[in-house]
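The structure under discussion appears below in the form of structure tokens.
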Amino acid sequence: MLGMKLVRLIERHSETLARELVDEIQNSERTSDFRNLPPEDLRRAAAELYHNLGEWLLQKTERDIASRFKASAAHRAAEGIRLHQFLWALMLTRDHLRYFLRREAFADTIVQLHGELELNELLNQFFDRALYYSVLGYEQASQATTPKGELRRIQDLATAIGLMAERNQSSELVEE
């Protein structure tokens with residue numbers, strides 16, 4: 001990947017980027033729910049993402065992204081962060097990276113410009129998937145707290161420990 005130099009630049013500045021992002025999230029009216037969370041928790045989550053950006057962009061699979069962002073979304077939902085605010089925080093995370101790259105990276109050659117474009121495309125793809133799986137995580141968290149969701153969880157547990165026969169597909173279709 002031609003943009004690896006830029007990814008390494010982001011990873012080297014992950015702590016500073018994370019602190020700036022937390023300030024931005026906590027000062028935005030669109031993410032006011034985050035003010036109820038410890039800033040250190042937010043900083044740690046942002047720093048981890050920024051510090052391991054190369055791994056997220058180049059090595060992690062769709063399944064890894066799905067798992068991470070569904071879990072993160074469910075966790076934030078349980079903390080009382082509303083979906084629209086969580087999504088806005090993800091967009092701020094992406095936009096903060098873009099601003100940093102515009103400020104710090106200057107393409108002197110066509111190869112460097114191509115690297116910047118390649119990185120931008122990978123970032124778009126990654127954050128699109130993060131947003132998508134975050135919405136799924138919120139939906140799943142919501143279903144788990146509704147009476148029907150609770151019933152399904154109890155049925156799944158009873159099936160798993162052998163107290164109940166496994167549901168077949170046709171009965172699930174009728175229930176929904």
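Quick check on the range 75-98. Is at least one of its residues within 24 Å of Gln140 (Cα to Cα), of a type in the set (Ser, Thr, Tyr) and surrounded by fewer than 19 Cβ atoms within 10 Å (Cβ to Cβ)? Looking through the range 75-98, none of the residues is within 24 Å of Gln140 (Cα to Cα), of a type in the set (Ser, Thr, Tyr) and surrounded by fewer than 19 Cβ atoms within 10 Å (Cβ to Cβ). Test Glu150 against the stated conditions and say whether it is at negative phi, assigned to a helix (DSSP H, G or I), of a type in the set (Asp, Glu) and at pLDDT 85 or above. Criteria not met by Glu150.
Going by the conditions given, is Val135 hydrophobic (A, V, I, L, M, F, W, C), part of a helix (DSSP H, G or I) and modelled with pLDDT of 90 or more? Yes: the conditions hold for Val135.
Taking the range 102-128 as the range and being in contact with a Lys or Arg (Cβ under 6 Å, 6 or more places away or on another chain) and at pLDDT below 80 as the test, no residue passes. Would you check if Arg94 is under 20 Å from Glu121 (Cα atoms), assigned to a helix (DSSP H, G or I) and free of Cβ contacts under 8 Å to residues at least 24 places away in the same chain? For Arg94, the condition - under 20 Å from Glu121 (Cα atoms), assigned to a helix (DSSP H, G or I) and free of Cβ contacts under 8 Å to residues at least 24 places away in the same chain - is not met. Suppose the filter is within 22 Å of Glu62 (Cα to Cα), at pLDDT 80 or above and aromatic (Phe, Trp, Tyr); does Tyr99 pass it? Criteria not met by Tyr99. What about Phe86, is it modelled with pLDDT of 95 or more and either more than 26 Å from Ala46 (Cα to Cα) or in a helix (DSSP H, G or I) (or both)? Answer is yes for this residue.
The values are calculated or read from the model by the stated rules, or taken from the named source; none is laboratory data. The structure displayed is predicted, hence computed values, not measured ones. Here the Cβ is made from the backbone with ideal geometry for all residues, glycine too, and neighbour counts use every protein chain on show.
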